[in-house]
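One structure is given here, and the rest of the page talks about it.
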Amino acid sequence: MTPFNRRDAGLFVLRVGTGAVLAAHGTQKLFGWFGGGGLESTTKGMEAMGFHPPKGSALAAGLAETGGGVLLALGLATPAAGAAAAGNMAGAVSVHAPAGFFAQSGGFEYPAFLGFTAASIGVVGPGRYSLDHVTGHRFDRPWTVAAAFLASALAAAAVVGKRAKDQAAAVADPDAEDEDPYDE
């Protein structure tokens, strides 16, 4: 039997806490739990924030937070969980960035912190007290870290870039037709 390890215990606490916060936020978006608006309200919010298609964006954000959070808390498929949550938080940062850094001004401090924390856990790994450890790290291989973070970075860049391009086009042509070609 291996003796108690403070590093692994610290990773366990960080994983469970971060995962629980992310999962709670995600279930607000998907199901309306914990005072959230659910998928319909999240869809309207995504549309107002300039994410298209809004329903797909709402679903993707909710799944990234809920799924990524649950997987982080369990320490299962940790690189993919951390990458999904970090990529999703990149989108949230893009929304809050115009308000500056600090959360009390509506800034990006909180989503950045969650994103960096999830990314760090995904890179470092879940520690000994995790399902990845129990399964022999079957879903936590060095190549999965690179693949998960590359895929997440590309997806986040595409989504944030498209939103920025759409917003720039709307500013350049304010008289453009109000009809949304992405409406579902």
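At least 1 residues being closer than 26 Å to ARG128 by Cβ is the threshold, and among the helices (runs of 4 or more DSSP H) wholly inside the stretch 1-77 those reaching it are 6-31, 54-74. Taking the conditions (1) in a helix (DSSP H, G or I); (2) touching a residue at least 40 places away in the same chain (Cβ under 8 Å) in turn, PHE139 satisfies each one other than (1).
Quick grid of which residues meet (1) in contact with a Cys (Cβ under 7 Å, 6 or more places away or on another chain); (2) surrounded by 14 or more Cβ atoms within 10 Å (Cβ to Cβ); (3) not charged (D, E, K, R):
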{"site": "ALA60", "(1), (2), (3)": "no, yes, yes"}
{"site": "VAL70", "(1), (2), (3)": "no, yes, yes"}
{"site": "LEU76", "(1), (2), (3)": "no, yes, yes"}
{"site": "GLY87", "(1), (2), (3)": "no, yes, yes"}
{"site": "PHE101", "(1), (2), (3)": "no, no, yes"}
{"site": "TYR129", "(1), (2), (3)": "no, yes, yes"}
{"site": "PHE139", "(1), (2), (3)": "no, yes, yes"}
{"site": "VAL159", "(1), (2), (3)": "no, yes, yes"}
{"site": "ARG163", "(1), (2), (3)": "no, yes, no"}
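In this structure, ALA97 does not qualify as open to solvent by less than 60 Å² (accessible area, probe 1.4 Å), under 30 Å from ARG6 (Cα atoms), modelled with pLDDT of 95 or more and in a helix (DSSP H, G or I).
Residue-level check: of (1) part of a helix (DSSP H, G or I); (2) in contact with a Lys or Arg (Cβ under 9 Å, 6 or more places away or on another chain), PRO126 misses just (1). Answer with yes or no whether ALA168 is at pLDDT below 95 and part of a helix (DSSP H, G or I). Considered against the rule, which asks whether it is at pLDDT below 95 and part of a helix (DSSP H, G or I), ALA168 comes out as yes.
Yes/no matrix, rows are residues, columns are (1) hydrophobic (A, V, I, L, M, F, W, C); (2) open to solvent by 50 Å² or more (accessible area, probe 1.4 Å); (3) at pLDDT below 95; (4) closer than 15 Å to SER120 by Cα:
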{"position": "MET1", "(1), (2), (3), (4)": "yes, yes, yes, no"}
{"position": "ARG15", "(1), (2), (3), (4)": "no, no, no, yes"}
{"position": "GLY19", "(1), (2), (3), (4)": "no, no, no, yes"}
{"position": "ALA23", "(1), (2), (3), (4)": "yes, no, no, no"}
{"position": "THR27", "(1), (2), (3), (4)": "no, no, no, no"}
{"position": "PHE31", "(1), (2), (3), (4)": "yes, yes, no, no"}
{"position": "GLY35", "(1), (2), (3), (4)": "no, yes, no, no"}
{"position": "GLU40", "(1), (2), (3), (4)": "no, yes, no, no"}
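Scanning the stretch 78-107 for residues that are free of Cβ contacts under 8 Å to residues at least 60 places away in the same chain and not small (Gly, Ala, Ser), which turns out nearest to ALA20 (Cα to Cα)? Ranking the qualifying residues of the stretch 78-107, first place goes to MET89.
The values are calculated or read from the model by the stated rules, or taken from the named source; none is laboratory data. What you see is a predicted model, and the numbers here were worked out from it, not measured in a lab. Every residue, glycine as well, gets a Cβ built from its backbone with ideal geometry; the counts of neighbours run over all protein chains shown. SASA here: full protein model, heavy atoms, side chains in, ligands and nucleic acids out. Shrake-Rupley method; radii C 1.70, N 1.55, O 1.52, S 1.80 Å.
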